[in-house]
Amino acid sequence: MTIPRRALLVIDVQNEYVTGDLPIEFPDVQTSLANIARAMDAARDAGIPIVVVQNFAPATSPLFARGSATAELHTVVSSRAHDHYVEKSLPSAFTGTDLADWLAARQVDTLTVTGYMTHNCDASTINHAVHAGLAVEFLDDATGSVPYENSAGFASAEEIHRVFSVVMQSRFAAVASTEAWLASVKSGEPLARGNIYASNQAARARQTVA
C-alpha cells in the first residue's frame, strides 16, 4: 500500500456563498463550513499542507467583486493557518496560478478538494488535476451547490451536487464524507475509487431488477 502524499485544497470559501448573493443550498452551508473546519484542523495535525484559494472578479461584478465584504474569505478559513494561497479569476485553481508547481515541489500526488462550488470551481479543478496526473479526493459534505434555471431547464442544488458527485466518483475523484477522509488520513489507506465500467454496470443492473 502506498500512503497518499496529500494536500488539502480549500476552494473559494468566501462570504458570497454564505451571506452574499450566491448562497450554498445543498448540503446545508453550515454543515459544509463545519466540515471544512474539521478537515483543515485534521490536515494541520497530520502535517498535510493546506492551500487556500480565493476567487476575485472586477469591482463592478455582481459576485466576488474585488474590495467587497462578500468576496472576503469566510472566518472559518481566514481564522485558520494555511501553507499556500492562490488567487484566481477562472473556475480551475490551476489556470493562471502557481498551484501545479507548488504541489510538484512538495511531491504531492493526491489532492483533497473542499469548498465551493461542487459543479463549478471544484469540478473544473478536479478535472484539471486528473489531467495533470494527480489523484483526487472530493469531500462531498465539505462542499456544496446552488440551484440553476436557464434556457436549458431547472436543476436544484441537491440534484446538481448529487449528479456531479456520482460522475466524479465514476472517474475523476474518490468521493467521500469528511468522516471517511479523517479515517483514511489516520490509517494511511487511500479512499476507494470508482470507474466508469463498474458505475455503468451497477446502474444497468439496477434497471434490470426494476
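For residues in segment 156-191 being of a type outside the set (G, A, S) and at pLDDT below 95, which is farthest from N127 (Cα to Cα)?
Top of the filtered list is E189.
Looking at T125, T110, which is the one that is within 11 Å of the chain's Cα centre (by Cα), polar (S, T, N, Q) and within 30 Å of E159 (Cα to Cα)? If you could, list the steps in order and put the result at the bottom.
On the way: T110 fails: within 11 Å of the chain's Cα centre (by Cα).
Step by step, each of T125, T110 is checked, and only T125 is within 11 Å of the chain's Cα centre (by Cα), polar (S, T, N, Q) and within 30 Å of E159 (Cα to Cα).
If you scan segment 25-81, which residues turn out to be within 23 Å of H119 (Cα to Cα), among the small types (G, A, S) and under 16 Å from the mean Cα position of the chain (by Cα)?
Within segment 25-81, S32, A34, A37, A39 qualify.
Could you grab me the full set of residues in segment 176-202 that are more than 16 Å from the chain's Cα centre (by Cα), surrounded by fewer than 17 Cβ atoms within 10 Å (Cβ to Cβ) and either of a type in the set (V, I, T) or closer than 18 Å to N35 by Cβ (or both)?
Passing the criteria: A183, K186, I196.
Between residues in segment 46-69 that are more than 22 Å from S92 (Cβ to Cβ) and residues that are assigned to a strand (DSSP E or B) and of a type outside the set (S, T, Y), which pairs lie under 9 Å by C-beta distance while being six or more apart or on different chains?
Once the first residue is more than 22 Å from S92 (Cβ to Cβ) and sits in segment 46-69, its partners that are assigned to a strand (DSSP E or B) and of a type outside the set (S, T, Y) give A46/R6; A59/A65.
Given the condition surrounded by 15 or more Cβ atoms within 10 Å (Cβ to Cβ), touching a strand residue (DSSP E or B) at 6+ places or on another chain (Cβ under 7 Å), more than 22 Å from M40 (Cα to Cα) and hydrophobic (A, V, I, L, M, F, W, C), answer yes or no: does some residue in segment 158-165 qualify?
Scanning segment 158-165, I find at least one residue that is surrounded by 15 or more Cβ atoms within 10 Å (Cβ to Cβ), touching a strand residue (DSSP E or B) at 6+ places or on another chain (Cβ under 7 Å), more than 22 Å from M40 (Cα to Cα) and hydrophobic (A, V, I, L, M, F, W, C), so the answer is yes.
Scan segment 103-139 for residues that are of a type outside the set (D, E, K, R), crowded, with 24+ Cβ neighbours inside 10 Å, closer than 17 Å to N195 by Cβ and touching a residue at least 40 places away in the same chain (Cβ under 8 Å) and jot them down.
Hit for segment 103-139 is I126, nothing else.
If you take the residues in segment 9-24 that are touching a His at 6+ places or on another chain (Cβ under 8 Å) and of a type outside the set (A, V, I, L, M), which one is nearest to L73 (Cα to Cα)?
Q14
Looking at G144, G96, G153, which one is within 21 Å of V13 (Cβ to Cβ), modelled with pLDDT of 95 or more and loosely packed, with under 13 Cβ neighbours inside 10 Å? Quick ask: steps written out before the conclusion?
Working: G144 fails: loosely packed, with under 13 Cβ neighbours inside 10 Å; G153 fails: within 21 Å of V13 (Cβ to Cβ).
Of the residues listed, the single one that is within 21 Å of V13 (Cβ to Cβ), modelled with pLDDT of 95 or more and loosely packed, with under 13 Cβ neighbours inside 10 Å is G96.
Residue under question is A173, and the condition is that it be in contact (Cβ under 8 Å) with a residue 60 or more places away in the chain, in contact with a Lys or Arg (Cβ under 8 Å, 6 or more places away or on another chain) and buried (at least 17 other Cβ atoms within 10 Å of the Cβ); does it hold? Spell out the reasoning first.
Values: in contact (Cβ under 8 Å) with a residue 60 or more places away in the chain: yes; in contact with a Lys or Arg (Cβ under 8 Å, 6 or more places away or on another chain): yes; buried (at least 17 other Cβ atoms within 10 Å of the Cβ): yes.
Judged against the criteria, A173 is a match.
Among the residues of segment 38-77, what is the count of those that are surrounded by fewer than 19 Cβ atoms within 10 Å (Cβ to Cβ) and either modelled with pLDDT under 95 or outside any loop (DSSP other than H, G, I, E, B) (or both)?
Our first condition is that a residue be surrounded by fewer than 19 Cβ atoms within 10 Å (Cβ to Cβ); within segment 38-77, this holds for 38, 41-42, 44-47, 49, 56-63, 65-70, 72, 75-76.
Checking the rest, the ones that are also either modelled with pLDDT under 95 or outside any loop (DSSP other than H, G, I, E, B) (or both) come to 38, 41-42, 44-46, 57, 65, 69-70, 75-76.
Adding up the residues that qualify gives 12.
Checking P23 against (1) under 27 Å from R5 (Cα atoms); (2) surrounded by 13 or more Cβ atoms within 10 Å (Cβ to Cβ); (3) out of contact with any strand residue (DSSP E or B) (no Cβ under 8 Å at 6 or more places or on another chain); (4) not hydroxyl-bearing (S, T, Y), which test does it fail?
Against the list (1) under 27 Å from R5 (Cα atoms); (2) surrounded by 13 or more Cβ atoms within 10 Å (Cβ to Cβ); (3) out of contact with any strand residue (DSSP E or B) (no Cβ under 8 Å at 6 or more places or on another chain); (4) not hydroxyl-bearing (S, T, Y), P23 comes up short only on (1).
The values are calculated or read from the model by the stated rules, or taken from the named source; none is laboratory data. Remember, it's a predicted structure, so these values are computed and weren't measured experimentally. Virtual Cβ from ideal backbone geometry, glycine too; neighbours counted across all protein chains shown.
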